[in-house]
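One structure is given below, encoded as structure tokens.
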Amino acid sequence: MLMVPLVSMLLLLGSTTAQLSIDYYSKTCPNAEKIVREEMIQILTKAPSLAAPFLRMHFHDCFVRGCDGSVLLDSTPGNKAEKDAIPNLTLRGFGSVERVKAKLEKACPNTVSCADVLALMARDSVWLSKGPTWPVWLGRKDGRISIANETKQLPPPQANLTQLIQMFGVKGLDLKDLVVLSGAHTIGTSHCSSISDRLYNFTGQDNLSDVDPFLEKLYLNKLRSKCSPTDNTTLIEMDPGSFKTFDTSYYKLVTNRRSAFHSDWALLTDSFTRAYVLKHASGFESEFFQDFSDSMIKMGNVEVLTGSQGEIRKKCSVVNK
Ligand code: HEM
């Protein structure tokens, strides 16, 4: 476990996070991080497979309207929320976010935002999966708007490198952030439906040899034996054998063309991202941990609402009355 040095953090953050701070709740809710951590230990002890969904949820929150908890809002009559859009139908763990938020409401009413709760839960998920930990800059406010259609800002698993660079770029995240944050796929599972286009009918020719040519053959056959063309319920481990442990094995999988998504494979198509993948396929875990911490802090600052913007939601799934 690695705690990122504060000085390097300060240099990294520059002025963009001027309104967030590490000790934001030190006076108003001094035990906030401790409460989240204790709840997370209980939640993940009972359901360890929820660590990955919390990490993904924070990513999906930050990429749509910034890290403002908009992914947590329910649809209302007349408005389909982000939560009900296709990329988010495979998210899990909303009930646990509500549970952690309820604990915080009890200890410090109207104080800790849902966006901050999610950022802390994502951080603790990684740490409890034997990955790094980092200081979470706090003080995000919750947004009051969530629109299903805006989830098209989330990169699809079929994305090529140009699309990935563009989609990360508009969020202020660079090539290094892309290759580092993709390393999150060292934990968690994928539905067959997210990869079936690689296994069947890749270019629309509709025959059994029409597969993603960049998927290693033995692995392709293994995935086909698990996922039928129309299966949308079965889960596959993205990092088979170590899908609950946060480590560098994702980069080995990408190197061997055994990663789940075309977007993972795409990291081999640019010289910078390729070099990062190949280097970390052979170890350098502490460097990856440091990089991941840096990039998570950066992602956690995307388009945040601060000060008088937004609100502190009482319940994460509904805006305040
Ligand atoms: C680079 C572009 C990315 C694409 C195209 C992508 C796509 C996907 C897809 C399709 C799934 C499987 C969903 C399912 O079928 O259940 C998934 C899972 C996951 N993603 Fe990504 N992702 C990307 C980047 C990220 C980033 C930046 C993070 C976090 C920092 C992340 C964290 C995760 C995690 C932890 C899972 C496993 C979730 C679970 O076990 O339920 N992904 N991703």
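The conditions are (1) within 13 Å of the ligand (Cβ to nearest atom); (2) crowded, with 17+ Cβ neighbours inside 10 Å; (3) free of Cβ contacts under 8 Å to residues at least 40 places away in the same chain; (4) over 28 Å from Asn79 (Cβ atoms), and Phe168 fails exactly one of them. Which is it?
So the condition that Phe168 fails would be (4).
Restricted to the stretch 66-91, and to residues that are part of a loop (DSSP other than H, G, I, E, B) and among the aliphatic types (A, V, I, L, M), which residue is nearest to Thr306 (Cα to Cα)?
Among those residues, the one meeting the criterion is Leu73.
For Ile312, all conditions in the list (1) touching a Ser or Thr at 6+ places or on another chain (Cβ under 8 Å); (2) over 30 Å from Lys141 (Cβ atoms); (3) not basic (Lys, Arg) hold save one; what is the number of the exception?
Ile312 satisfies every listed condition except (2).
Go through Thr162, Thr186 for me and flag whichever is more than 6 Å from the ligand (Cβ to nearest atom) and crowded, with 21+ Cβ neighbours inside 10 Å.
Every option except Thr186 fails the conditions.
Which one of the conditions (1) open to solvent by less than 10 Å² (accessible area, probe 1.4 Å); (2) over 19 Å from Ala32 (Cα atoms); (3) not charged (D, E, K, R) does Val117 fail to meet, given that it meets all the rest?
(2)
Out of all the residues in the stretch 49-79, which are within 16 Å of the ligand (Cβ to nearest atom) and either of a type in the set (Lys, Arg) or exposed (fewer than 14 other Cβ atoms within 10 Å of the Cβ) (or both)?
Answer for the stretch 49-79, where residues must be within 16 Å of the ligand (Cβ to nearest atom) and either of a type in the set (Lys, Arg) or exposed (fewer than 14 other Cβ atoms within 10 Å of the Cβ) (or both): just Arg56.
So Ser242 passes all but one of these: (1) closer than 15 Å to Ala184 by Cα; (2) in contact (Cβ under 8 Å) with a residue 60 or more places away in the chain; (3) outside any helix (DSSP H, G or I). Which condition number does it fail?
For Ser242, the failing item is (2).
Just for the stretch 90-109: of the residues that are out of contact with any strand residue (DSSP E or B) (no Cβ under 9 Å at 6 or more places or on another chain) and open to solvent by 40 Å² or more (accessible area, probe 1.4 Å), which one is nearest to the ligand (Cβ to nearest atom)? Let's see the steps before the verdict.
So the first thing to find is which residues in the stretch 90-109 are out of contact with any strand residue (DSSP E or B) (no Cβ under 9 Å at 6 or more places or on another chain), and the list is 91-97, 99-100, 103-104, 106-109.
Those still in the list that are open to solvent by 40 Å² or more (accessible area, probe 1.4 Å) too: 92, 94-95, 99, 103, 106-107, 109.
Numbers: Arg92: 6, Phe94: 12, Gly95: 14, Arg99: 18, Lys103: 23, Lys106: 28, Ala107: 28, Pro109: 31 Å.
Filtering the stretch 90-109 for residues that are out of contact with any strand residue (DSSP E or B) (no Cβ under 9 Å at 6 or more places or on another chain) and open to solvent by 40 Å² or more (accessible area, probe 1.4 Å), the one nearest to the ligand (Cβ to nearest atom) comes out as Arg92.
Within the stretch 25-32, is there a residue that is within 16 Å of the ligand (Cβ to nearest atom), assigned to a loop (DSSP other than H, G, I, E, B) and not assigned by TED's automatic domain parsing to the domain that holds Gln166?
No, the conditions are met nowhere in the stretch 25-32.
Please specify each residue of the stretch 250-273 satisfying the condition of being of a type in the set (S, T, N, Q) and either in the same structural domain as Lys46 (by TED's automatic domain parsing) or open to solvent by 20 Å² or more (accessible area, probe 1.4 Å) (or both). So that I can check it myself, show each step before the final result.
Initial filter on the stretch 250-273 (of a type in the set (S, T, N, Q)): 255-256, 259, 263, 269, 271, 273.
Passing the criteria: Thr255, Asn256, Thr269, Ser271.
Can you confirm whether the stretch 196-215 contains a residue that is at pLDDT 95 or above and in a helix (DSSP H, G or I)?
No, that holds for no residue.
Please report, ordered by residue number, the helices (runs of 4 or more DSSP H) entirely within the stretch 92-188 with at least 1 residues that are out of contact with any Phe, Trp or Tyr (no Cβ under 8 Å at 6 or more places or on another chain), over 18 Å from Val254 (Cβ atoms) and not assigned by TED's automatic domain parsing to the domain that holds Lys34.
Once the helices (runs of 4 or more DSSP H) in the stretch 92-188 are filtered for at least 1 residues that are out of contact with any Phe, Trp or Tyr (no Cβ under 8 Å at 6 or more places or on another chain), over 18 Å from Val254 (Cβ atoms) and not assigned by TED's automatic domain parsing to the domain that holds Lys34, what remains is 161-169.
Tally the residues that are modelled with pLDDT under 95 and not hydroxyl-bearing (Ser, Thr, Tyr), restricting the search to the stretch 285-308.
1
State whether the residues of the stretch 218-232 include one that is open to solvent by 50 Å² or more (accessible area, probe 1.4 Å), in a helix (DSSP H, G or I) and closer than 25 Å to Ile297 by Cα.
No - not one qualifying residue is present in the stretch 218-232.
The values are calculated or read from the model by the stated rules, or taken from the named source; none is laboratory data. This is a predicted model, so every value here is computed, not measured. Using ideal geometry, Cβ is built from the backbone for each residue, glycine included, and neighbour counts are taken over all protein chains shown. Keep in mind that these areas ignore ligands, DNA and RNA; they rest on the heavy atoms of the full protein, side chains included. Shrake-Rupley method; radii C 1.70, N 1.55, O 1.52, S 1.80 Å.
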